[in-house]
């Protein structure tokens with residue numbers, strides 16, 4: 001009877017460890033791919049926009065050049081703190097440049113106490 005209980009406990013612990021390991025690996029994979037896509041979009045925007053010329057690019061243009069879906073570009077641009085959504089009438093336009101400067105505390109993501 002003792003060996004059966006020990007086997008169940010060992011099997012349960014092994015299964016839990018395997019499940020947690022798989023979850024951690026998937027999380028690392030997701031974050032890595034997300035970071036790669038952020039860099040791809042950021043560098044493309046950096047190369048093809050400027051404060052003097054055309055500042056904003058459409059989601060469709062970014063998706064086409066970066067070989068991502070439009071939904072993926074919207075998501076990546078919305079979570080990347082270096083990319084800003086246009087506040088003009090045209091929708092779905094993104095840029096690296098803001099219309100008005102923010103304080104140093106807002107650029108760093110808020111005041112830390």
- Query: Within region 51-63, how many residues turn out to be out of contact with any helix residue (DSSP H, G or I) (no Cβ under 9 Å at 6 or more places or on another chain), surrounded by 11 or more Cβ atoms within 10 Å (Cβ to Cβ) and without any contact (Cβ under 8 Å) to a residue 12 or more places away in the chain?
  - Reply: 0
- Has region 97-111 got any residue that is touching a strand residue (DSSP E or B) at 6+ places or on another chain (Cβ under 9 Å), at pLDDT 90 or above and in a loop (DSSP other than H, G, I, E, B)? no
- With respect to residue 36, is the statement that it is surrounded by 12 or more Cβ atoms within 10 Å (Cβ to Cβ), under 23 Å from the mean Cα position of the chain (by Cα) and at pLDDT 95 or above true? no
- Query: In region 79-93, is there at least one residue being free of Cβ contacts under 8 Å to residues at least 12 places away in the same chain and more than 26 Å from residue 30 (Cβ to Cβ)?
  - Reply: yes
- Query: Looking at 17, 76, 10, 24, which is the one that is at pLDDT 95 or above, surrounded by 10 or more Cβ atoms within 10 Å (Cβ to Cβ), over 21 Å from the mean Cα position of the chain (by Cα) and in a helix (DSSP H, G or I)?
  - Reply: 17
- Message: For region 79-90, give me each residue that is surrounded by fewer than 16 Cβ atoms within 10 Å (Cβ to Cβ) and either at pLDDT 95 or above or touching a helix residue (DSSP H, G or I) at 6+ places or on another chain (Cβ under 9 Å) (or both).
- Response: 79, 81, 82, 85
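The values are calculated or read from the model by the stated rules, or taken from the named source; none is laboratory data. Predicted model, so just to flag it, every value in this text is computed and none were measured. Counting neighbours? That spans all protein chains shown, and the Cβs are built from the backbone with ideal geometry, glycine included.
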